[in-house]
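Nothing in this text is a laboratory measurement; each read-out follows from the coordinates by a stated rule. Model, not experiment: these values are computed from the prediction. Note: ideal-geometry Cβ built from the backbone for every residue, glycine included; neighbour counts use all protein chains shown.
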Amino acid sequence: MNEELGGLEDKVTQVIALCDALRAENHKLRDRVGALETEKQDLAERMTTARTRLEGLVDKLPLE
């Protein structure tokens, strides 16, 4: 009986450790997703600015 409880206790300890590790990994991944979303938004804004500037330059080109 004591061996069974000891084995169960070990398994519960392993599950708790796994849950803690997964929780920490999930937190890191959420932070990474947030950073990537911010970077994506910044790049989209930069592309819009570049497109606007290029369109302005094209409009200034002389017609042949």
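For the reader, a short list of remarks on this structure follows.
- Degrees separating the helix 2-60 axis from the principal Cα axis of the chain, which is the longest one: 0
- Note that the chain carries a Kirkwood radius of 16.8 Å, evaluated over its alpha carbons pair by pair.
- Over the chain: helical MRE at 222 nm, DSSP H runs n ≥ 4 each giving -39500 (n - 2.57), nearest 500: -35000 deg cm²/dmol
- Potential lengthening between Val58 and Asp31 on full extension [0.36 nm per residue; Cα-Cα distance subtracted]: 5.7 nm
- Among Lys11, Lys28, Lys40, residue whose mean-square fluctuation peaks in a GNM of the chain (springs only between Cα atoms under 10 Å): Lys11
- Summing Cβ point charges (Lys, Arg +1; Asp, Glu -1) relative to the Cα centre of the chain gives a dipole of roughly 440 debye.
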